[in-house]
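One structure is given below, encoded as structure tokens.
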Amino acid sequence: MTLVQATADGAAKPETQAAADERIVQACWSCQGPVVSGEPFCPSCKAVQAPGQADHFQRLGVARGFEVDTAALEKAYFQLQRQLHPDRFATRTTREKTLSQQQATSLNDAYETLKDPLKRSVYLAHLMGLDVLKEGCNALNDPVILMEAMEMREALADAETAEEVGDLTRRAQGDIADCEAELADAFHGTDLDRIGTLITRLKYLRKLADETRFRRAQMRGRA
């Protein structure tokens, strides 16, 4: 089931039933009216609110999941960004200025996370209770992923022309697309080990793709 919530300017914002059920109603700091935690404005007095405990998906009004409609995500982001930009609160009280800045920061963080498949997958896994790619835990110990990375780096080292490196870039990009498709399927289930493995693979595939592009740029620079 899809719910629709209205923002301060009356625009509709879709939200999943599961996400809505997790929201907490609190009192508006200005008029004491009811406000769903994470909503940017009070529906009664339109006062800007604190960011609250809404997750990134709730904040941008998109269904929680790996598969995201990027066009809808971008539209929601820019709409909220216009409403919450600190310049719109330049003549307001100190509290409202502070809250608008906090809202804008939370909104930017949500957008930067959800628009990137790797960041989105890490964040979604975290919401499911799985922390992957943690700071200080960057050692690659999966033998299959390790072998794949070693083979790609060996092929990159042996490549003698920009065209050969370009072929490796396209191969890496294809592998990334396949891995993202597998992640989308994995997030429909509950196999956290599989999700963690695929996220780790996606991280290293993207790193390898970056290395091939850097190598190709170097070759072209020497030509």
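Among the residues of the stretch 173-218, which ones are in contact (Cβ under 8 Å) with a residue 40 or more places away in the chain and either in contact with a strand residue (DSSP E or B) (Cβ under 8 Å, 6 or more places away or on another chain) or among the acidic types (Asp, Glu) (or both)? Within the stretch 173-218, Glu180, Glu211 qualify. Residue pairs whose Cβ atoms lie under 6 Å apart, sitting 6 or more positions apart in sequence or on different chains, and linking a residue in the stretch 95-122 that is in a helix (DSSP H, G or I) to a partner that is among the acidic types (Asp, Glu) and surrounded by fewer than 21 Cβ atoms within 10 Å (Cβ to Cβ), are Pro117/Glu180. Given the conditions (1) at pLDDT 95 or above; (2) more than 17 Å from Tyr123 (Cα to Cα), which single one is not true for Ala223? All conditions are met except number (1). Listed by first and then second residue, the pairs with beta-carbon distance under 8 Å, at least 6 apart or on different chains, first residue in the stretch 45-72 and farther than 15 Å from Arg120 by Cβ, second open to solvent by 50 Å² or more (accessible area, probe 1.4 Å) and in a helix (DSSP H, G or I), are Ala50/Gln102; Pro51/Gln102; Pro51/Thr105.
Within the stretch 193-223, the only residue that satisfies the criterion of being in a helix (DSSP H, G or I), open to solvent by 80 Å² or more (accessible area, probe 1.4 Å) and among the hydrophobic types (A, V, I, L, M, F, W, C) is Phe214.
When we screen Ala63, Ala71, Ala125 for residues that are part of a helix (DSSP H, G or I) and touching an Asp or Glu at 6+ places or on another chain (Cβ under 8 Å), the only hit is Ala125. Please tell me if Leu183 is within 20 Å of Leu114 (Cα to Cα), surrounded by 13 or more Cβ atoms within 10 Å (Cβ to Cβ) and at pLDDT below 95. Judged against the criteria, Leu183 is not a match. Scanning the stretch 46-60 for residues that are part of a loop (DSSP other than H, G, I, E, B) and not charged (D, E, K, R) yields a total of 7. On inspection, Met150 qualifies as open to solvent by 80 Å² or more (accessible area, probe 1.4 Å), among the aliphatic types (A, V, I, L, M) and assigned to a helix (DSSP H, G or I). For Arg194, the conditions (1) under 21 Å from Val68 (Cβ atoms); (2) over 26 Å from the mean Cα position of the chain (by Cα) are fulfilled apart from (2). Take the conditions farther than 30 Å from Ala50 by Cα, open to solvent by 30 Å² or more (accessible area, probe 1.4 Å), hydroxyl-bearing (Ser, Thr, Tyr) and in a loop (DSSP other than H, G, I, E, B) and apply them to Thr190. Does it pass? Judged against the criteria, Thr190 is a match. Taking the stated definitions as given, is Pro40 in contact with a Leu (Cβ under 8 Å, 6 or more places away or on another chain) and not basic (Lys, Arg)? The answer is yes for Pro40.
Can you name the residue in the stretch 23-73 that is closer than 25 Å to Leu118 by Cα and acidic (Asp, Glu) and is also surrounded by the most Cβ atoms within 10 Å (Cβ to Cβ) among such residues? Selected residue: Asp55. Just one residue in the set Val165, Val132 is modelled with pLDDT under 95, at negative phi, open to solvent by less than 80 Å² (accessible area, probe 1.4 Å) and not in a helix (DSSP H, G or I); that residue is Val132.
The values are calculated or read from the model by the stated rules, or taken from the named source; none is laboratory data. This structure is a prediction, so every number in the text was calculated from the model and none was measured. Cβ atoms come from the backbone with ideal geometry, glycine included; neighbour counts cover every protein chain shown. Heavy atoms of the whole protein, side chains included, go into the accessibility calculation; ligands, DNA and RNA do not. Shrake-Rupley method; radii C 1.70, N 1.55, O 1.52, S 1.80 Å.
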